[in-house]
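Visitor: Would you mind keeping the following structure in view while I ask a few things?
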Amino acid sequence: MTVFEPTSRLEVQGGLGPFTARVSYLLEPIGSGTRLTNAVDLESSGLLTLVAPLVTSRVKHAVAANLDTLKQLLEGSG
């Protein structure tokens, strides 16, 4: 964990397979709810640089699906 600001921000950095990953979550009040913004950054070198965009896209899709499931559970519709 590289950043922890209770109730507003969390950032984690570490290995994700052969990549170095940084995943961040930002919570912002909006109306009567909360907006969650998620960012995923992968760093690579050598030949892995060629596949990094594909891997990044797949990781972002998987995280978005997990966050959607979490939203449904928290809102009682899952």
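Visitor: Sort the following peptides by mean Cβ neighbour count (other Cβ atoms within 10 Å, averaged over residues), highest first: 22-30, 60-68.
Guide: 22-30, 60-68
Visitor: Could you work out how much longer the chain between THR34 and ALA64 gets when fully extended? Use 0.36 nm per residue separation minus the Cα distance between them, nm to one decimal. Mind showing how you got there, number by number?
Guide: Numbers: separation 30, 0.36 × 30 = 10.80 nm, distance 1.60 nm.
Taking THR34 through ALA64 to full extension adds about 9.2 nm, to one decimal.
Visitor: For TYR25 paired with THR7, estimate the spin-label separation in nm (one decimal), with each label point 7 Å from Cα along the Cα-to-Cβ line.
Guide: Inter-label distance under the simple model: 1.7 nm.
Visitor: Please compute the net charge surrounding PHE19, taking Lys and Arg as +1 and Asp and Glu as -1 over other residues with Cβ under 11 Å from its Cβ.
Guide: Its environment carries a net charge of -1.
Visitor: Let me ask another. Hey, could you grab the Kirkwood Rh for the chain? Inverse mean 1/r over distinct alpha carbon pairs, Å, one decimal.
Guide: 14.0 Å
Every number here is computed from the coordinates shown, using simple stated rules; none is lab data. Just so you know, these numbers come straight off a predicted model, no measurement behind them. Don't worry about glycine lacking a Cβ; one is built from the backbone with ideal geometry, like all the others, and counts go over all protein chains shown.
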